[in-house]
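Notes follow once the structure below has been shown.
The values are calculated or read from the model by the stated rules, or taken from the named source; none is laboratory data. Predicted model only: the values in this text are computed from it and were never measured. Here the Cβ positions follow ideal geometry from the backbone for every residue, glycine too, while neighbour counts run over all protein chains shown. Protein only, heavy atoms only, side chains kept; ligands, DNA and RNA dropped before computing areas. Shrake-Rupley method; radii C 1.70, N 1.55, O 1.52, S 1.80 Å.
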Amino acid sequence: MELRLYDTFTREKRPFRPIDDKNVRMYVCGPTVYDFAHIGNARPLIVFDVLFRLLRQIYGKDHVTYVRNITDVDDKINARAALDFPGLPLNEAIRRVTEVTASQFLADAAALGCLEPTVQPRATDFVLPRADGKADMVTLIKQLIARGHAYEAAGEVLFDVRSMPDYGALSGRKLDEQLAGARVAVDAHKRNPADFVLWKQSSADEPGWDSPWGRGRPGWHIECSAMSAAYLGEVFDIHGGGLDLIFPHHENEIAQSRCAHGTDVMANYWMHNEFVQVEGEKMSKSLGNFVTIRELLADWPGEVLRLNMLKMHYRSPADWTLRGVEESARTLDDWYRVAADASGDKPAAAVMAALSDDLNTPQAIAELHALRGRAAAGADADRASFASSLRFLGFLSESAAQWESRKQAASGVDADKVDLLITARAEARARKDFKESDRIRDELVAMGIVIKDGKGADGKPVTTWEVAR
Ligand SMILES: [Zn+2]
């Protein structure tokens, strides 16, 4: 089975060939920790987690290195810190904002069923040269200046986009078009309007590090060039992130890394997930439809959110709807009933094949539905294959009983009371008091309980129940 991935750079699906199949290397841009992550942020988390799992399955658990950074130095963080903690010195306020936000982000990722990346470096640990000799931002900037790709002006260090003939190749933006565009702000100290900041000065109360260019702080783009080189080397296999990062962020990462190291490429495959809309509309704070992962987790198990996201292919825009989430919840309730207590550790070949085709998760889910049908028909091998496919994709982290009792607890249903009512209804039916049995059924429905009448193995009537979604 051949893994094929869509590469934004070449704009085609290509067979994946790692540089070193003993160490497959992937970098994904992580969050800037100043605010709670929203459902749009959940998409790259989940999508690249599936890719990480797939690579581990193909190349072996110990042969994949996945780096996802945490950006903990950024002017948006400074602004948030000043707003939230006006009484504190700025650096103390920043520390509070980044600590709380980063730990919430990690909790969200875990609740969504994402494995921890191999390394999660924080940008502030990679500003200055390090004792362990790993790549750092100041050294990269010095290399760029030495090689004629960057210059100092008005207290900043800027990347000289004209020094790189193929700048813009990832996004397909021609430099001449960018220069002609009125939207690029013209700053007098820049050689070219499109030149971007590698280093800027900090005032006394802003976070800053002593550098050859005075006390200052790095630009955003250089962080990822340093942290990817630190853990994955100058050229690695896969670089991922959201579509909105293609320009300027990834374009600028490529420019910095290639020009500092003198390499032809930074990464061999560039992967980007599409946006998420909410109920058919673009998500924005002003529209009031800005949904955080945290809010969703208050109402739904993380696995429901995960399944709902994976129903849509990562390169298609996703429409996040309550209806979709409810349907995903019903699907998982059913899958838990059929599979949760089956063991097995080999995902089904059909599921692997779907994922190997550029992470075709809608197809993988269709295969899961087919497997579910066979598993419910009874063969142990099918149940094992179904259960291990689900676990491989990050589902079935609980037992069927845990799943059901959590659902009941979340719904506030008193399970003992439901059982008593069902017994009373069975007794009423046995004595043919249908008025009473109907009344009890209505009471259960009013409590949000769905009952199902069937026959047990001994042929006697059995009533099961579940909480309606
Ligand atoms: Zn990045």
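A few remarks follow.
- Here LEU88 clears all of (1) free of Cβ contacts under 8 Å to residues at least 40 places away in the same chain; (2) aliphatic (A, V, I, L, M); (3) within 16 Å of the ligand (Cβ to nearest atom) except the condition numbered (3).
Each row is one residue, and each column tells you yes or no for (1) in the same structural domain as LYS134 (by TED's automatic domain parsing); (2) within 12 Å of the ligand (Cβ to nearest atom); (3) open to solvent by 10 Å² or more (accessible area, probe 1.4 Å); (4) over 18 Å from the mean Cα position of the chain (by Cα).
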| site | (1), (2), (3), (4) |
| --- | --- |
| MET227 | yes, yes, no, yes |
| GLY241 | yes, yes, no, no |
| ASP244 | yes, yes, yes, no |
| PHE247 | yes, no, yes, yes |
| MET266 | yes, yes, no, yes |
| SER284 | no, no, yes, yes |
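- For segment 377-411, residues that are within 25 Å of the chain's Cα centre (by Cα), under 22 Å from ILE365 (Cβ atoms), of a type outside the set (A, V, I, L, M) and assigned to a helix (DSSP H, G or I) total 7.
- Selection within segment 196-216: residues that are in contact with a Gly (Cβ under 6 Å, 6 or more places away or on another chain) and in contact (Cβ under 8 Å) with a residue 24 or more places away in the chain. The member of this set that is surrounded by the most Cβ atoms within 10 Å (Cβ to Cβ) is LEU198.
- Test: residue in segment 98-108 that is within 29 Å of the chain's Cα centre (by Cα) and among the acidic types (Asp, Glu): yes
- From GLY280, GLY262, residue being free of Cβ contacts under 8 Å to residues at least 60 places away in the same chain, on the phi > 0 side of the Ramachandran plot and either away from the ligand (no atom under 11 Å from the Cβ) or touching a helix residue (DSSP H, G or I) at 6+ places or on another chain (Cβ under 9 Å) (or both): GLY280
- Among the residues of segment 53-69, the ones that are away from the ligand (no atom under 16 Å from the Cβ) and within 30 Å of SER284 (Cα to Cα) come to 0 in all.
- Some residue of segment 313-332 being at positive phi and either assigned to a helix (DSSP H, G or I) or touching a residue at least 40 places away in the same chain (Cβ under 8 Å) (or both): no
- Residues satisfying the stated conditions in segment 270-302, i.e. over 21 Å from THR331 (Cα atoms) and assigned to a loop (DSSP other than H, G, I, E, B): GLU274, PHE275, GLY280, MET283, SER284, LYS285, SER286, LEU287, GLY288, ASN289, PHE290, VAL291
- Some residue of segment 136-153 being open to solvent by less than 10 Å² (accessible area, probe 1.4 Å), more than 28 Å from ASP264 (Cβ to Cβ) and either among the hydrophobic types (A, V, I, L, M, F, W, C) or not in a helix (DSSP H, G or I) (or both): no
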